[in-house]
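The values are calculated or read from the model by the stated rules, or taken from the named source; none is laboratory data. Being a predicted model, the structure only gives us computed values, none of them experimental. Here the Cβ is made from the backbone with ideal geometry for all residues, glycine too, and neighbour counts use every protein chain on show.
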Amino acid sequence: WATHNGDPASDTPRNVPWHPAYKGLARAFVRTTTDAATPLVHRARVREIDVESGLDESVKIDLREAPETDDIVLEASLPNNPSIASVQITIPVSADVRHLPRAVAAQYL
């Protein structure tokens, strides 16, 4: 994951869970850390091939039949202005292949 605000002169680190807004904009880039949605047989085969699964920046291959998933929760706040309430956005996460982007898009073709 990474954060940025669009300011080309920003020297704020990009791998932190916070970022100041620039002209009202702050971005968060989120990527998966665990493969829990592809078929179990596929994950098992990938695990045989990818012996470094889950190390460093690589995606962890979850071999449980029904892996648990946690929703992604983002929070925006203005620490210098406590009169403005913080807000949260929840992004639901699913291990169901019917919820993958390509499967959802295919429903509308």
*Selection count, region 49-75, where residues are at pLDDT 80 or above and under 16 Å from the mean Cα position of the chain (by Cα)*: 6
*Taking only pairs six or more apart or across chains, which ones have beta-carbon atoms under 8 Å, a first residue in region 6-32 that is among the β-branched types (V, I, T), and a second residue that is part of a loop (DSSP other than H, G, I, E, B)?*
T12/N5; T12/H19; T12/P20; V30/W1; T32/V59
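Here is a yes/no grid of residues against (1) touching a residue at least 60 places away in the same chain (Cβ under 8 Å); (2) closer than 19 Å to P17 by Cα; (3) acidic (D, E):
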| residue | (1), (2), (3) |
| --- | --- |
| D50 | no, no, yes |
| L63 | no, no, no |
| P67 | no, no, no |
| S86 | no, yes, no |
| S94 | no, no, no |
| R102 | no, no, no |
| Y108 | no, no, no |
